[in-house]
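Read through the structure below, which is laid out as structure tokens, and then see the notes.
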Amino acid sequence: MAHTTILLREDVDALGGRGEIVKVRAGFARNFLLPQGLATLATKGNVKQIEQERAALLKKAAEERSTAEAQKDQMSTIALAFERKAGEGGTLFGSVTSMDITQALQDKGYEIDRRKIVLREPIKETGEYTVNVKLHREVTLQVPVTVTAEGGEVEQKGGAKSRKAAKAQSEEAQAEAAGAETSGEPDAVTAEEA
């Protein structure tokens, strides 16, 4: 397995921050990091150049962080609501994806790249969710998202289970009531117990 030492020009998730020297597989560097401009080969000349630029990079990183903090404070009151067609159990016909969330944020006047929205898998049920928006490497905003059925109210995640539990509780209550009525005859057996 061939590895290459590279110098990161930008922050790369799960790899490192700007200005760090890291070892990665040659194919990852050659096919992704170098063409995207995210890294350069770690030669003596490039390392010296980055060291000279380090003060400017630190200043730029501090500005980006403060901008992200200000944006987080500005966006802290945002709550998104989506209305989608849904089946009886609260399962959506389709889903709410990071693209939908990005579009909703753009409609509210905020330009957020869809890759900065942390959504492991699309939302496929009605309910209330919290979606993380990564504004900066160190700044994350939590946005409440409510998904409702068209023309209906919000059902919580696992709505079918809660309905089953409510039905079981009502059956237990009926059984207890039937048991209380026959409590005068201790040897009587109800139809449910037989």
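The values are calculated or read from the model by the stated rules, or taken from the named source; none is laboratory data. Remember, predicted model here, so these are calculated numbers, not experimental data. Note: ideal-geometry Cβ built from the backbone for every residue, glycine included; neighbour counts use all protein chains shown. For accessibility, only protein heavy atoms count, side chains too; no ligands or nucleic acids. Shrake-Rupley method; radii C 1.70, N 1.55, O 1.52, S 1.80 Å.
Quick look at the values:
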quantity: Taking N as its residue count, the alpha carbon Rg of segment 1-63 over 2.2 N^0.38 Å; calculated: 1.09
quantity: Efficiency of FRET from Cβ geometry, LYS48 and ARG120, R₀ 41 Å, rounded to 0.05; calculated: 0.50
quantity: Which of GLN74, LEU92, VAL12, positive extreme of dipole for segment 1-127 (C-beta unit charges); calculated: VAL12
quantity: Segment 1-72, dipole about Cα centre (Lys/Arg Cβ +1, Asp/Glu Cβ -1), debye to the nearest 20; calculated: 260
quantity: Heavy-atom surface of segment 31-158, accessible at 1.4 Å and reported per residue (Å²); calculated: 65
quantity: Cβ-derived FRET efficiency at R0 45 Å, ALA2 paired with TYR110, nearest 0.05; calculated: 0.60
quantity: Hull-based mean projected area of segment 74-121, where the convex hull spans the alpha carbons, in square nanometres; calculated: 4.1
quantity: Prolate/oblate/rounded label for segment 8-156 (Cα gyration tensor, a/c 1.5); calculated: prolate
quantity: Fraction of the pair-distance distribution of segment 37-101 above 20 Å, Cα-Cα pairs, percent; calculated: 62
quantity: Backbone N under 12 Å from the THR140 label point (7 Å along Cα→Cβ), restricted to segment 99-117; calculated: 117
quantity: Pairwise label distance in nanometres, ALA26 with LYS60, each label 7 Å out on the Cα-Cβ vector; calculated: 3.0
